[in-house]
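Peer 1: Handing you a structure now.
The values are calculated or read from the model by the stated rules, or taken from the named source; none is laboratory data. Keep in mind it's a predicted model, so treat the numbers as computed, not measured. Cβ placement follows ideal geometry from the backbone for every residue including glycine, while neighbour counts extend to all protein chains displayed. The protein model used for the area step is the full one, side chains on, heavy atoms only, and it has no ligands, DNA or RNA in it. Shrake-Rupley method; radii C 1.70, N 1.55, O 1.52, S 1.80 Å.
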Amino acid sequence: REPGAPTVLQRCGGAAKLSFPTMAAQMPGVAPEAGPILVTGASGLVGGHVCFALRKHGYNVRAAVRDPQAAKAAFLKELGCELVAIPDLLSDDGWRLAVTGCVGMAHVASPVDVTGAMEEKALIEMAVSGTERALRFAAGAGTIKRVVVTATMASICGTQRETNPDHLWSEADKNDAPQTGYSKGKTAAEAKAWELAREYSDLFSVTTVHPAVVLGPMLPGQAVSSTMGLLKQLLDGAVVPSTFGLCSAADVA
């Protein structure tokens, strides 16, 4: 989602269709030479691909991870990223240093629990608090001009097809009946992102990206995490009683 952007209309299991508004709002571009881009959740599946794509296009990347010394963060160093620590989405620790001097932010960090081990309340709190910290510290930096937040189809798809089986998902939709801790957290986090986007509209623009279930390819040295753990469960013989769309991490980035 972004003001004036193409509206994505999706049928489950089908190709996306695009409709374009008459006039698109001007979104500020961030050139590679302007300064570093902060990527939160950089060691994860999507975060790693965002770092890779940015580096491929000549950007300086500041990759935020829980522990820059951890083995799973080593591949980011190989990509040429600068590593910084944001150890906990529920804490202010590390944020101020991470955003200093940055001109853009990709906020990817958010809890994904494919094992069902996390409590629902904790999932929701981490998702919302992390998004709020990301945007508030971006505003405090004073140099960030564009923020992209990784959202999800789970914050869009609700009960719409119960009344209309042919409903096409669009930017006008919101999940009106989230069922899981993940969907509740991501729906609430996106609402917080747009609340803060309005509050800080004079400082930066905000875009949200809404993938379905994200799978590989894995980058060299990247550890299995997030939804790739779900694929591992399936390969190990687990039965997942769910229906979901799929997309590539490279496409999301």
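Peer 1: Kindly indicate which of Ala197, Ala138 is in contact with a strand residue (DSSP E or B) (Cβ under 6 Å, 6 or more places away or on another chain), open to solvent by less than 40 Å² (accessible area, probe 1.4 Å) and under 20 Å from Gly47 (Cβ atoms).
Peer 2: Ala138
Peer 1: Could you tell me which of the residues Asp251, Asp202 is assigned to a loop (DSSP other than H, G, I, E, B), open to solvent by 40 Å² or more (accessible area, probe 1.4 Å) and not basic (Lys, Arg)?
Peer 2: On the way: Asp251 fails: assigned to a loop (DSSP other than H, G, I, E, B).
Answer to the selection: Asp202.
Peer 1: Mind checking which pairs have a first residue in the range 183-194 that is of a type in the set (A, V, I, L, M, F, W, C) and a second that is open to solvent by less than 40 Å² (accessible area, probe 1.4 Å) and in a helix (DSSP H, G or I), Cβ under 6 Å, 6 or more apart or different chains?
Peer 2: Ala188/Val128; Ala189/Ala127; Ala189/Val128; Ala189/Thr131; Ala193/Thr131
Peer 1: Shifting gears a bit: Give me the pairs, please: first residue somewhere in the range 210-221 and touching a residue at least 24 places away in the same chain (Cβ under 8 Å), second residue anywhere and in a strand (DSSP E or B), beta-carbon distance under 7 Å, and either six or more positions apart or on two chains.
Peer 2: Pro211/Cys247; Ala212/Leu246; Ala212/Cys247; Val213/Leu246; Val214/Cys247; Leu215/Leu246; Leu215/Ser248
Peer 1: Has the range 218-235 got any residue that is within 20 Å of His107 (Cα to Cα) and assigned to a helix (DSSP H, G or I)?
Peer 2: yes
Peer 1: Scan the range 109-128 residue by residue and report those that are of a type outside the set (A, V, I, L, M), closer than 16 Å to Leu89 by Cα and in a loop (DSSP other than H, G, I, E, B).
Peer 2: Ser110, Pro111, Asp113, Glu119
Peer 1: Might you check whether a residue that is part of a helix (DSSP H, G or I), farther than 17 Å from Glu132 by Cβ, among the aliphatic types (A, V, I, L, M) and open to solvent by less than 60 Å² (accessible area, probe 1.4 Å) occurs anywhere in the range 74-93?
Peer 2: yes
Peer 1: While we're on this one: Could you tell me which numbered condition Lys192 fails, if it satisfies all but one of (1) under 19 Å from Val46 (Cβ atoms); (2) open to solvent by less than 50 Å² (accessible area, probe 1.4 Å)?
Peer 2: Only one criterion in (1) under 19 Å from Val46 (Cβ atoms); (2) open to solvent by less than 50 Å² (accessible area, probe 1.4 Å) is unmet by Lys192, namely (1).
Peer 1: Let me ask you something else. Mind telling me which of the residues Arg62, Arg55 ends up being of a type in the set (Lys, Arg) and surrounded by 21 or more Cβ atoms within 10 Å (Cβ to Cβ)? Show your work before the answer.
Peer 2: Details: Arg55 fails: surrounded by 21 or more Cβ atoms within 10 Å (Cβ to Cβ).
Just one listed residue meets the conditions, Arg62.
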